Every structure is written in C-alpha cells, then in structure tokens.
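J.: The structure that follows is given in the form of structure tokens.
The values are calculated or read from the model by the stated rules, or taken from the named source; none is laboratory data. Not measured: the values here are computed from a predicted model. Positions of Cβ are generated from backbone atoms using ideal geometry, with glycine treated the same way; all protein chains shown enter the neighbour counts. The accessibility values were calculated without ligands, DNA or RNA, using every heavy atom of the protein model including side chains. Shrake-Rupley method; radii C 1.70, N 1.55, O 1.52, S 1.80 Å.
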Amino acid sequence: MTAIPLGEIEIGSVPFVAQVMRARRREKLRRMGFSIGFPLLLLAMWQAAASAGMIDVRFFPSPMRILKTSIETLQAPDERALIEAHLMATLSRLVLGYLLGAVLGIIVGVTMAVYMPFRASLAPIIYATFPTPKLAIFPLLIVIFGLGDASKAALVTLGVFYMTCINSLAGVQYANPIYQDVAQAFRVPASTRWFKIIIPSALPSIVTGLKLGIGQALILVVSAEFVSSNDGLGYFIWNSWQTLDISRMFMGLVIVSVVGGIAVVGGNALERYLIPWAKH
Amino acid sequence: MMAATSLQDERPARRTEADLALSVRGLRKLFVTARSQIVEALSDISFEVRQGEVVALLGPSGCGKSTLLRILAGLDTYDGGMIDWSLGEELNNAKRLRAATVFQQDSTLPWMNIANNLKVGMSGLRLSRAEQDERIRKYISIVGLSQFVEGFPHELSGGMRQRVSIARALATEPVLLLMDEPLSALDAQTRVVMQQELLRMWQRTASTVVYVTHDIAEALTLADRVIVMTCRPGRIKEICDVPFGRNRDVLDVRRRADFGALEVDLWKMIAEEVGDRLQ
C-alpha cells in the first residue's frame, strides 16, 4: 500500500477516497478468500487422500468421483426424474409441515404471552415435552396419522411448533416494556395494540424461532424418511447406503445440504425484510 | 417560598377554578416489598395545574416523581386521594387525549416510519384520515422533522427520535402533556437546544405541561411553577413560582439575577433532602 502523506490529502480528494475504498474491497476479498478457500482445501485433501489410496474409496469415493456420478445421474432422463420426484416428496412434507408448525407456534406463543390463563395452562405441558426428542414421538404419529405423508409432515410441524412457540412467547415477554407503556398511555385500541405494537415488538425473536425451525424441519423430515418411507431424499440416502452405492449417497447428502442452504439464505433475507431496524 | 406574584408575567393571571386542567388531592401510593413491608412511595400529594401552565416536578431520583407521572398517565394505580380531571374531561372530546406522555427513554416504534409512529399515537382518537394527515404534517413540522416523515427511527439521532416522541404526544392535542425527563438521555449541548425548542413548541401549541426532572436549572428554565418533592415518602415540600413569563429565552433567562437566587434556594431544599437520606 502506498501511503499518501497526510499534508497532501484534500477533502474530497479522489485518490484518497479511491485508496480507502480499494483497501476495504481488498479486506472483503481476503475474508471471502478464506471462507471459500478453506472448504476447497479440505476437498483437495480428500481428493489427494483418495488418489494416494490412503482412504478406502469404496466408502469414501473421491470428490471428483462423486461429481462425476452426480453429473451422469442427472444427465440420464429417468434417473433425473427419479431424483426430482424424491426432492419434491421431501419438499412437500417440509413446506406443509413447516408452514403449519410456524403459524400454530406463533399464534399459540403470542397468545400465551398476552393471556395469562392460556399461558399458565399450556406452559407446563410445553416446557415438559420440549426436551423430548421429536423423533421418539414418530411411532405415535404414525399410529395417529398413518404411514403416509401426514405423519411425516406432522413430525415436522411438531418440531417447528416448539421452536416458534417458545421464541414467540419469549419475544413478547421480554420485549422492551416501553412499547406496552406507549400502547397504554395513548389508549391505543386493541387491534392496533396487537398488530402494530405487540407482534412487531416480538418480531426479532419470532424470526429467530422461524430460522431455528428450518434446521429442525430438515433434520426431522430426513430422519422420518430414513425410518419409514419409499420416497424422499432421506429414503434416497438410506437406500443408496444399503445398496452400497456410496457415490449416490453422497449426492443425496449434497442435495439435502443445498436445500438447507437455500432455506437458511431465505431465512436471512426474510429477517432483513421483516426487521430492517435490527443490526444484522 | 417565592412570592406568588410574578415580576414579568406576560400572561394574564389565571386563578379561577374553571381554568384548572388538573387537580390532585391527597394522592397516596403504596408498595408492598418482597418482605411484606409497606412502603409509602407517595404521601398526601396535592397540587393543581392551570390551563396553559408548565409545572415542573423536581426532586432527587427515587422520590416518586416518575411514579406520580405514571399515575397521571394512567400507567399506574394509586391507593388513596383523588385526581380531578373535570376540566380535562370537559375538553376531552373524541379528538383529544386527556393526557399524552413523552417518556425518558426512546419510545419510538422502530418498525414503522415517523408518520406511522404519530398515527399509532392518534389511533385511539376519532379522526378522519385527512385530519390525521393534517396533524402529522403540522406537528412534524413543529418539531422540525418535515423531511424525515417517511424515514425510520433508526435513521435518526437520539435527539431527533425524542422529537418524534414529542410530536406523537402533541399530535393527540392532549389536555395535559406529561413529560418524564424527556431530555435526560441527550448530551448537554443538544439538551439546551431542545429546551429552547420545547419552549417554542409549548408556546405554539398552548400546551399545559407536567414536566418531571431532577435538573434544577432545567426546571427553572422551562416551568412556571416548580414543585419540589421530598424522599421516602415522596411528599411535596414546596411549590415555587418562577416569574419569567412564557415568552422566554433559554440563555437570557440564565443571565437574570433572580434565576441565580432561585437556583440557590432550590439547591438548598434538595440538598437537605439528599442529606436526610444519607443519615
């Protein structure tokens, strides 16, 4: 970096501004370099270990091998259609279960926070059942909802419900009390109080619940498909493992990761859209 | 006790019953501690606020002045005595609030723009959309934020956000404007600028104000009367008239000889209070 002597800098000096901007850009590129470079380094080490015969390629095929299998699979029309069908099966369970769980969780959580009898009645049940691994309830859900999509969507709903409910409850309870004071001091009518004050004040926490719910939902839908399904990405991964088609198994893992990644990016975008005043 | 006759009062003296905006008689507030002890937070509080008058509640922290303001704002209950809003009720139609509050901390709603912040304040009143828009335009302009109407609170400085809170309260055209140390979170320079601004705004809107502060100079700069409160229990120790008139200038007022004299008097009263608490 070439330093400009301080005496020579004029306010509005273009070279100085350009230099500062360049330094900032370089800093950002450096950060991105590490974020992208390190995962690539890990893949390269994996590739090298596979090529050198240090790991058993029957169980850990090289990254290039997985990429090749993926491309071949996706280029074959019937294979491609099959994977799309698995993806759609998972997505439909995921989206249905997630939306239901999120809506129920927010409604129940906010109502609990505002209405004492509701909170006093439900809080012990919700906090007592919260630590139960949701997958442990899956057999019960199958008994209730059958072997089809409904029990899997219900499992997702359950997981997302707890996340959004508890976070919505906390969001209203621990929102800055000044907002409630404003509502009361200005004699704000009930509907305005709810929709313009109470719910927005809890929004940062509600969105946190929604984002945590994404991870829960993905874990639960794939686990449910491992255990009892004939389609979906979970089934695809489990089935590939059982037939020892390890490259396909890894391909399934990559697809699940991509779905999760897109959902997380979407969650962050939703956060920026819904709570622009919070610092991200 | 200061002489009740003011030296330079530009307003006609208003001493008739009909001009009372608010009358508080023997107000009492109790708290029960975790150890089941009763603490008297406010004891036998009696005072009147005349229409168009600015009354400062002055006292050290913890003497119950904020509690008193919260009671007047309808945010807290009381355990004895009475608050007579009769004139307030008379003026209080569906287009005015009986009382509107400006809080000490930032109370703007960060999820909505400035115009909607004012609209929420007015949501309890029966105003047409046009009337609401007209009030938003008028009061945002009074606080000097016209170009920020569409902006969000997080885009404004602390002082500007407090102006939004003031505009929100003024827009309800309250019979009584309640202010709880509204400038105490601001830096010293901004505070003096805002004091002048408050004087100007009250003048323009002919506001009746109850103003809580622990700052003696601020109370003298802004108020027509200063109510000095004592601690534990919170009682009224003295009510002092401030003879500077309503049409005053923040800096000029400080140059007056009687400003200094009053300040010293008030200092002594408060010092006694703080001394009592130390014993």
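J.: What residue, among those in segment B:220-238 that are farther than 19 Å from B:ARG70 by Cα and either at pLDDT 90 or above or under 14 Å from the mean Cα position of the chain (by Cα) (or both), is surrounded by the fewest Cβ atoms within 10 Å (Cβ to Cβ)?
T.: B:ARG225
J.: Counting only residues that are over 16 Å from the mean Cα position of the chain (by Cα), give me the helices (runs of 4 or more DSSP H) lying completely in segment B:54-122 with at least 1 of them. Spell out the reasoning first.
T.: Working: elements: B:65-72, B:86-91, B:114-122.
Ranges flagged: B:86-91, B:114-122.
J.: Across segment A:40-78, what is the total count of residues that are in a helix (DSSP H, G or I) and open to solvent by 60 Å² or more (accessible area, probe 1.4 Å)?
T.: Going through segment A:40-78 one residue at a time, the tally reaches 17.
J.: B:LEU127: more than 12 Å from chain A (Cβ to nearest Cβ), in a loop (DSSP other than H, G, I, E, B) and in contact with a Leu (Cβ under 9 Å, 6 or more places away or on another chain), yes or no?
T.: no
J.: Can you say whether B:VAL143 is buried (at least 20 other Cβ atoms within 10 Å of the Cβ), under 30 Å from B:ILE216 (Cα atoms) and at pLDDT 90 or above, as far as the supplied structure shows?
T.: No; evaluated as a whole, the condition is false for this residue.
J.: Would you please name the residue that is farthest from A:ALA263 (Cα to Cα), looking only at residues in segment A:190-214 that are among the hydroxyl-bearing types (Ser, Thr, Tyr) and in contact with a helix residue (DSSP H, G or I) (Cβ under 8 Å, 6 or more places away or on another chain)?
T.: A:THR192
J.: Here is a further query. Out of curiosity, is A:ALA18 open to solvent by less than 50 Å² (accessible area, probe 1.4 Å), of a type in the set (A, V, I, L, M), assigned to a helix (DSSP H, G or I) and not assigned by TED's automatic domain parsing to the domain that holds A:GLY234?
T.: Taking the combined requirement at face value, the residue satisfies it.
J.: Another one. Check whether at least one residue in segment B:178-199 is modelled with pLDDT of 90 or more, within 14 Å of another protein chain (Cβ to nearest Cβ), in a strand (DSSP E or B) and open to solvent by less than 10 Å² (accessible area, probe 1.4 Å), and report yes or no.
T.: There is at least one residue in segment B:178-199 that is modelled with pLDDT of 90 or more, within 14 Å of another protein chain (Cβ to nearest Cβ), in a strand (DSSP E or B) and open to solvent by less than 10 Å² (accessible area, probe 1.4 Å).
J.: For segment B:128-140, how many residues meet the condition of being hydrophobic (A, V, I, L, M, F, W, C) and crowded, with 19+ Cβ neighbours inside 10 Å?
T.: 2
J.: Restricting to segment B:242-257, what's the tally of residues that are farther than 17 Å from B:GLN189 by Cα and buried (at least 16 other Cβ atoms within 10 Å of the Cβ)?
T.: 5
J.: Assess whether A:VAL156 counts as being open to solvent by less than 40 Å² (accessible area, probe 1.4 Å) and away from chain B (no Cβ under 14 Å).
T.: The answer is yes for A:VAL156.
J.: Taking the criterion of being away from chain B (no Cβ under 14 Å), without any contact (Cβ under 8 Å) to a residue 12 or more places away in the chain and on the phi > 0 side of the Ramachandran plot, would at least one residue in segment A:95-107 satisfy it?
T.: No: zero hits.
J.: Tally the residues that are among the hydrophobic types (A, V, I, L, M, F, W, C) and over 24 Å from the mean Cα position of the chain (by Cα), restricting the search to segment A:23-54.
T.: Of the residues in segment A:23-54, 11 are among the hydrophobic types (A, V, I, L, M, F, W, C) and over 24 Å from the mean Cα position of the chain (by Cα).
J.: Of the conditions (1) among the charged types (D, E, K, R); (2) assigned to a helix (DSSP H, G or I); (3) open to solvent by 20 Å² or more (accessible area, probe 1.4 Å), A:ARG93 satisfies every one except a single condition; which number is it?
T.: Answer for A:ARG93: the failing condition is (3).
J.: On to the next question. Would a scan of segment B:33-46 turn up a residue that is in contact (Cβ under 8 Å) with a residue 24 or more places away in the chain and assigned to a loop (DSSP other than H, G, I, E, B)?
T.: no
J.: Hey, any hits in segment A:208-222 for a residue that's open to solvent by 60 Å² or more (accessible area, probe 1.4 Å), more than 27 Å from A:ASN167 (Cα to Cα) and either away from every other protein chain (no Cβ under 14 Å) or assigned to a helix (DSSP H, G or I) (or both)?
T.: no
J.: While we're on this one: What are the pairs, 6+ residues apart or on separate chains, where a residue within segment A:110-128 that is assigned to a helix (DSSP H, G or I) has its Cβ under 6 Å from a residue that is among the small types (Gly, Ala, Ser)?
T.: Short answer, once both residue conditions are applied: A:VAL110/A:SER168.
J.: Within segment A:129-148, track down each residue that is in contact (Cβ under 8 Å) with a residue 60 or more places away in the chain and assigned to a helix (DSSP H, G or I).
T.: A:LYS134, A:LEU135, A:PHE138, A:ILE142
J.: Could I ask something else about it? Residues in segment B:140-162 that are out of contact with any Phe, Trp or Tyr (no Cβ under 9 Å at 6 or more places or on another chain) and away from every other protein chain (no Cβ under 14 Å): how many?
T.: Number satisfying all stated conditions: 12.
J.: Right, something else. Counting only residues that are part of a helix (DSSP H, G or I), within 7 Å of chain B (Cβ to nearest Cβ) and open to solvent by less than 60 Å² (accessible area, probe 1.4 Å), how many does segment A:180-196 have?
T.: So the count comes out to 4.
J.: Give just the number: which of (1) within 14 Å of chain A (Cβ to nearest Cβ); (2) on the phi > 0 side of the Ramachandran plot does B:GLY52 not satisfy?
T.: Condition not satisfied by B:GLY52: (1).
Results for (1) within 14 Å of chain A (Cβ to nearest Cβ); (2) modelled with pLDDT of 90 or more; (3) over 25 Å from B:ALA169 (Cβ atoms), shown as yes or no for each residue.
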residue: B:LEU27; (1), (2), (3): no, yes, no
residue: B:LEU30; (1), (2), (3): no, yes, yes
residue: B:VAL39; (1), (2), (3): no, no, yes
residue: B:SER46; (1), (2), (3): no, yes, yes
residue: B:SER61; (1), (2), (3): no, no, no
residue: B:TYR78; (1), (2), (3): no, yes, no
residue: B:LEU91; (1), (2), (3): no, no, no
residue: B:PRO110; (1), (2), (3): yes, yes, no
residue: B:ASN113; (1), (2), (3): yes, yes, no
